[in-house]
């Protein structure tokens, strides 16, 4: 059996990055996100995390790459993104990026056109807004990012006339 046949029949052993290559890999991951290739950015960030598990930039890029895939992949991406947000070192980042996860889940719900998705989108946006308000409470005075994100969610709710799920829908869903 050739090496190629052996590798095809089994799982691959991933090759590690060099520590010296981390900064260049981060730049590539950011570029792949900008090119709308989140799967490539995700893969690069996973490689970075293998040799530098505490790298906050790689964690944030990975989180954003996962949220870029909302609506295209399983709900595992959302769970993984929220887990990553909770591992960030400072409180502001944990709150802000958890807000991003919820906001992007709201946008994915809104574009899904599934029955009831507008109610789901409203709930995701409202949760994001709560997290942005908390982040605003711990942010640096020169950082208005939580305010900008909060305003975006508010505008989307108003633009699409999103409302909470009627209480009779909640009861029917529980039955």
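The values are calculated or read from the model by the stated rules, or taken from the named source; none is laboratory data. Please read these numbers as outputs of a predicted model, since none were measured by experiment. Cβ atoms come from the backbone with ideal geometry, glycine included; neighbour counts cover every protein chain shown.
Observations, loosely collected:
- So residue 52, is it surrounded by 18 or more Cβ atoms within 10 Å (Cβ to Cβ) and touching a helix residue (DSSP H, G or I) at 6+ places or on another chain (Cβ under 7 Å): no
- Hey, residue 82 touching a helix residue (DSSP H, G or I) at 6+ places or on another chain (Cβ under 9 Å), in the same structural domain as residue 157 (by TED's automatic domain parsing) and farther than 21 Å from residue 53 by Cβ or not: no
- Tabulated pairs, region 47-64, first in the same structural domain as residue 88 (by TED's automatic domain parsing) and farther than 16 Å from residue 37 by Cβ, second modelled with pLDDT of 95 or more and in a helix (DSSP H, G or I), C-beta under 8 angstrom, 6+ apart or interchain: none
- Per-region count, region 131-149, residues surrounded by 15 or more Cβ atoms within 10 Å (Cβ to Cβ) and without any contact (Cβ under 8 Å) to a residue 24 or more places away in the chain: 1
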